[in-house]
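The values are calculated or read from the model by the stated rules, or taken from the named source; none is laboratory data. On a predicted model such as this, the values are computed, not experimentally measured, just so you know. Cβ atoms come from the backbone with ideal geometry, glycine included; neighbour counts cover every protein chain shown.
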Amino acid sequence: MRTIIKVSVRFRKVRYLICGMLTIVTCLSGSGQGTCISGDCINGNGTYEFPSGSVFEGSFRDGKMVKGDFRFVNGDVYSGSFLNNRFHGQGVYQYKKSGNTFKGLYEHGEKISGTFTYNDGSSYAGAFKNHKKDGRGKLITSSGKVFDGFWEADMFIGIEPGNSVQTYAVIVGVADYKHFRPGTGDLRFTVTDAQKFNNFLQSPKGGRVPASNIKLLLNSQATHASILEAGRQMFAKADENDRIVFFFSGHGSETGFLPYDVNNRGNPMLEHDQVKALFAASKASAKLIFADACHSGSIRKEVTTSAPADVLASLGIKSTLPQSNRRNVAIMLSSAGDQISFEYPSINQGVFSYYLIDGLSGAADKNHDNLITIAETYYYVRDNTYNFVRENVGYTQTPVLFGNFDKEMIIAVY
């Protein structure tokens, strides 16, 4: 049973604001908003200080910046050309906080093409639009993995334009169980977990997954039969270029996840092997399981990269997939096999689900490259979940991650 702790404490959520800076500088001549502290800030070389504390040093024509160094009060520095007081032409932008650097072509304040180098050694060289990777470009991660092809709004869509990666998801949240009662088995925030994860996937940060690619099952909709049928239908749509996602928030046991219609004897149970069988039958190149349930880590005891033949057969699945299809399977679970998972009133969610969505929305991006890997997500979720539960509940809850995947596998962009 997933424990509910009814303790009211203030929860402070820390978010990291990471954004691209569009710089539009007010016309200098006649504005009276700043000070020319040296030289000729009309037609010549000079140094001009803005009310914000930012400073430009370089050449001017008709009271407008032409070429030079613009030093922002936050420590960022742009060195290059201007047109109508906007970045225009070749320039270099150095981000002080992150240590990242962009070198390339600007037009009217926006990046057009160039090389963006991240503080971990990874880099992207190619086209940009609205300050995001867009068009033809190559990303080389710090581990040497290469994404060379076409991009759209920071999403890698493949080696051919229009060959977009699709996501297919089954999302389950059960709070009101058929045979349980409030205080004796029902939960409070699991439906909220599922709804928020659904909203995330459909948001720009989640990849704008179409609603038609998601099956959301809440409470009485989430019967044992309905979950399996949703998985069969939705995951069968994926091809070798796509990814599939299974998200579950509810009760868990050492042998599986509890659907809406489970009885007091534990039947029917959504067995771990059944979930793995659905994944094994899919052609998708990337497969993700996120489960916020007690004892969810026990799935690791018998995990394999494929499902037993008898389980596949029992689900009406014939799998003749190659061994290569068993890669890029990542399973992230809210707690170890002998632990319970907590939901908490002050955040109105399961602790694991809260940090999972927060991390995928940007907070887990440790190297500030706007790409969130499975490893970055796990470390963020693990550390914050563990610390929150330890500090506010006094128990230990340690999320686990395992499977057959590249730790640099990108699972979110923003």
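Quickly run through segment 241-262 and pick out the residues that are of a type in the set (Phe, Trp, Tyr) and part of a loop (DSSP other than H, G, I, E, B).
Hit for segment 241-262 is TYR260, nothing else.
LYS97 passes all but one of (1) closer than 27 Å to ALA153 by Cβ; (2) in a strand (DSSP E or B); (3) among the charged types (D, E, K, R); which number fails?
Every condition holds for LYS97 apart from (2).
Scan segment 163-181 for residues that are farther than 18 Å from ARG243 by Cβ and modelled with pLDDT under 85 and report the count.
Counting residues in segment 163-181 that are farther than 18 Å from ARG243 by Cβ and modelled with pLDDT under 85 gives 2.
Only one of these is closer than 19 Å to VAL413 by Cα, of a type in the set (Gly, Ala, Ser), over 22 Å from the mean Cα position of the chain (by Cα) and not assigned by TED's automatic domain parsing to the domain that holds GLU408: GLY137, GLY126. Name it.
Exactly one of GLY137, GLY126 is closer than 19 Å to VAL413 by Cα, of a type in the set (Gly, Ala, Ser), over 22 Å from the mean Cα position of the chain (by Cα) and not assigned by TED's automatic domain parsing to the domain that holds GLU408, namely GLY126.
Which of the following residues is touching an Asp or Glu at 6+ places or on another chain (Cβ under 9 Å) and on the phi < 0 side of the Ramachandran plot: PHE197, PHE279, PHE248?
PHE248
Could you check, for segment 104-116, whether at least one of its residues is outside any strand (DSSP E or B) and over 22 Å from the mean Cα position of the chain (by Cα)?
yes
Could you grab me the full set of residues in segment 240-291 that are under 24 Å from the mean Cα position of the chain (by Cα), crowded, with 22+ Cβ neighbours inside 10 Å and not hydrophobic (A, V, I, L, M, F, W, C)?
SER249, GLY250, LYS276, SER282, LYS287, listed by residue number.
Looking only at residues that are part of a helix (DSSP H, G or I) and of a type in the set (A, V, I, L, M, F, W, C) in segment 263-286, which one is farthest from ALA225 (Cα to Cα)?
Among those that are part of a helix (DSSP H, G or I) and of a type in the set (A, V, I, L, M, F, W, C), it is ALA280.
Filter segment 198-222 down to the residues that are of a type in the set (D, E, K, R) and without any contact (Cβ under 8 Å) to a residue 60 or more places away in the chain, then identify the one that is nearest to LEU371 (Cα to Cα).
Result: ARG208.
Failed condition for GLN195, given (1) within 16 Å of ASP176 (Cβ to Cβ); (2) touching a residue at least 60 places away in the same chain (Cβ under 8 Å); (3) of a type outside the set (A, V, I, L, M, F, W, C), with all others met?
It fails just one condition, (2).
Could we say that ILE18 is surrounded by 13 or more Cβ atoms within 10 Å (Cβ to Cβ), at pLDDT below 95 and in contact with a Leu (Cβ under 8 Å, 6 or more places away or on another chain) here?
When the stated conditions are applied, ILE18 does not pass them.
From the list LEU83, LEU105, pick out the single residue that is surrounded by fewer than 17 Cβ atoms within 10 Å (Cβ to Cβ), in contact (Cβ under 8 Å) with a residue 12 or more places away in the chain and farther than 25 Å from GLY206 by Cβ.
LEU83
If I filter segment 56-68 for residues that are of a type in the set (Phe, Trp, Tyr) and farther than 25 Å from THR117 by Cα, do I get at least one hit?
Yes, segment 56-68 has at least one match.
Would segment 1-14 turn up any residue that is at pLDDT below 50, assigned to a strand (DSSP E or B) and surrounded by 11 or more Cβ atoms within 10 Å (Cβ to Cβ)?
yes
Given the conditions (1) closer than 30 Å to GLN221 by Cα; (2) modelled with pLDDT of 90 or more, which single one is not true for THR184?
With respect to (1) closer than 30 Å to GLN221 by Cα; (2) modelled with pLDDT of 90 or more, THR184 is out only on (2).
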